[in-house]
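Enquirer: Would you mind keeping the following structure in view while I ask a few things?
The values are calculated or read from the model by the stated rules, or taken from the named source; none is laboratory data. This is a predicted model, so every value here is computed, not measured. Using ideal geometry, Cβ is built from the backbone for each residue, glycine included, and neighbour counts are taken over all protein chains shown. For accessibility, only protein heavy atoms count, side chains too; no ligands or nucleic acids. Shrake-Rupley method; radii C 1.70, N 1.55, O 1.52, S 1.80 Å.
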Amino acid sequence: MPALRMAPSLLAADFARLEEQVAAVESAGATMLHLDVMDGHFVPNISFGVPVIASLRKCTKLFLDGHLMITEPKRYAEAFVKAGCDHITFHIEVTEPRAECNPDISGARADADSPQSVVEHIRGLGASVGVCLNPSTPVSAIEPILGVVDMVLVMSVWPGFGGQTFIKEVLPKVTELRQRLAEHQRLQIDGGIDPDTIGEAAAAGADTFVAGSAIFGTPDPPAAMKRLHHLALEAAAKDRRR
Ligand code: DX5
Ligand code: ZN
């Protein structure tokens, strides 16, 4: 299992002080930044896009983890990689609709790209690739690409907004994925991660923890991030002793 790491989400940061906020979590040991891109179609919210990421790239060397909550990842991935993303995660729900997927997925288009073609496209741009599952999307939906992605992201809230309550019903899916993923493949969890929930997520098998509000919504983001990381390490160690 890969080393446990935090992925601070800038969605909850003060957008007028991004450089300072990035430096703060970097000083606390962050190795990556989670960037939530929303298009107002796949999710009912709009966040930030290419120009903001290009500016961030100029002020940090941290690994930039792009989470594209957009209906056309293949169309826009190149712009995000050129802007500085080291990694791109796309949602399985926007790819070629599959029977196992939730039928009410708003993002899927009739002429959507296949998951394989999105993975190949992103890899061809030189970035690593992740695939994301909404809370109700089963592991079977990503079966054809499970073995070829660098990371799987399990949403533990419905994507679109920070500050929501952790949906603990996704934890069995985390455990199932941990058992099926190879040693080098990362398993990220995103949404509602805070001091009360990170332990369960770590014990279930997640290794990369996105946290927005629980870091940037506190008066001391570096201390909050270190505490979360510590709680995850502690829970994972305890789980291994069982
Ligand atoms: C939600 C985003 C998350 C969000 C998490 O759609 O994908 O990354 O920033 O925010 P918190 O940690 O506040 O739940
Ligand atoms: Zn995210």
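Enquirer: Of these, ARG240, ARG186, ARG180, ARG227, which one is open to solvent by 10 Å² or more (accessible area, probe 1.4 Å) and modelled with pLDDT under 95?
Expert: Among ARG240, ARG186, ARG180, ARG227, only ARG240 is open to solvent by 10 Å² or more (accessible area, probe 1.4 Å) and modelled with pLDDT under 95.
Enquirer: Quick check, is PHE80 part of a helix (DSSP H, G or I), under 29 Å from LEU146 (Cα atoms), over 13 Å from the mean Cα position of the chain (by Cα) and hydrophobic (A, V, I, L, M, F, W, C)?
Expert: yes
Enquirer: Mind counting the residues in segment 72-87 that are away from ligand 2 (no atom under 14 Å from the Cβ) and under 19 Å from ASP190 (Cα atoms)?
Expert: Number satisfying all stated conditions: 1.
Enquirer: Take the residues of segment 201-223 that are closer than 20 Å to ALA235 by Cβ and more than 12 Å from ligand 1 (Cβ to nearest atom): which is surrounded by the most Cβ atoms within 10 Å (Cβ to Cβ)?
Expert: Out of the qualifying residues, it is ALA206.
Enquirer: For segment 1-14, give me each residue that is within 16 Å of ligand 2 (Cβ to nearest atom) and open to solvent by 20 Å² or more (accessible area, probe 1.4 Å).
Expert: ARG5, LEU11, ALA12
Enquirer: Taking the residues in segment 156-205 that are touching a Lys or Arg at 6+ places or on another chain (Cβ under 8 Å) and not in a strand (DSSP E or B) as candidates, determine which candidate is nearest to VAL37 (Cα to Cα).
Expert: SER156
Enquirer: Further question on the same structure: Just wondering, is there one or more residues in segment 138-155 that are within 15 Å of ligand 1 (Cβ to nearest atom), part of a loop (DSSP other than H, G, I, E, B) and either free of Cβ contacts under 8 Å to residues at least 40 places away in the same chain or not hydroxyl-bearing (Ser, Thr, Tyr) (or both)?
Expert: no
Enquirer: Something else now. Restricting attention to segment 190-200, which residues are more than 10 Å from ligand 1 (Cβ to nearest atom) and within 14 Å of MET155 (Cα to Cα)?
Expert: If the condition is that a residue be more than 10 Å from ligand 1 (Cβ to nearest atom) and within 14 Å of MET155 (Cα to Cα), then ILE198 is the only one that fits.
Enquirer: Of the residues in segment 57-76, how many are part of a helix (DSSP H, G or I) and either more than 20 Å from GLY160 (Cβ to Cβ) or open to solvent by 10 Å² or more (accessible area, probe 1.4 Å) (or both)?
Expert: Residues in segment 57-76 being part of a helix (DSSP H, G or I) and either more than 20 Å from GLY160 (Cβ to Cβ) or open to solvent by 10 Å² or more (accessible area, probe 1.4 Å) (or both): 6 in total.
Enquirer: So is THR31 touching a Lys or Arg at 6+ places or on another chain (Cβ under 8 Å), polar (S, T, N, Q) and within 17 Å of HIS87 (Cβ to Cβ) or not?
Expert: Considered against the rule, which asks whether it is touching a Lys or Arg at 6+ places or on another chain (Cβ under 8 Å), polar (S, T, N, Q) and within 17 Å of HIS87 (Cβ to Cβ), THR31 comes out as yes.
Enquirer: Take the residues in segment 206-242 that are touching a residue at least 12 places away in the same chain (Cβ under 8 Å) and part of a loop (DSSP other than H, G, I, E, B); name whichever of them is nearest to HIS67 (Cα to Cα).
Expert: GLY212
Enquirer: Related question: Give the residue that is surrounded by the most Cβ atoms within 10 Å (Cβ to Cβ), with candidates limited to residues of segment 32-56 that are touching a residue at least 60 places away in the same chain (Cβ under 8 Å) and in a loop (DSSP other than H, G, I, E, B).
Expert: PHE42
Enquirer: Kindly list the number of the only condition in (1) closer than 11 Å to VAL37 by Cβ; (2) free of Cβ contacts under 8 Å to residues at least 40 places away in the same chain that fails for PHE80.
Expert: Answer for PHE80: the failing condition is (2).
Enquirer: Quick one: is GLY29 among the small types (Gly, Ala, Ser), buried (at least 18 other Cβ atoms within 10 Å of the Cβ) and not in a helix (DSSP H, G or I)?
Expert: Here the answer is no, as GLY29 does not meet what is asked.
Enquirer: Starting from residues that are part of a loop (DSSP other than H, G, I, E, B) and among the hydrophobic types (A, V, I, L, M, F, W, C), keep the ones in segment 115-137 and report whichever is farthest from ligand 2 (Cβ to nearest atom).
Expert: LEU125
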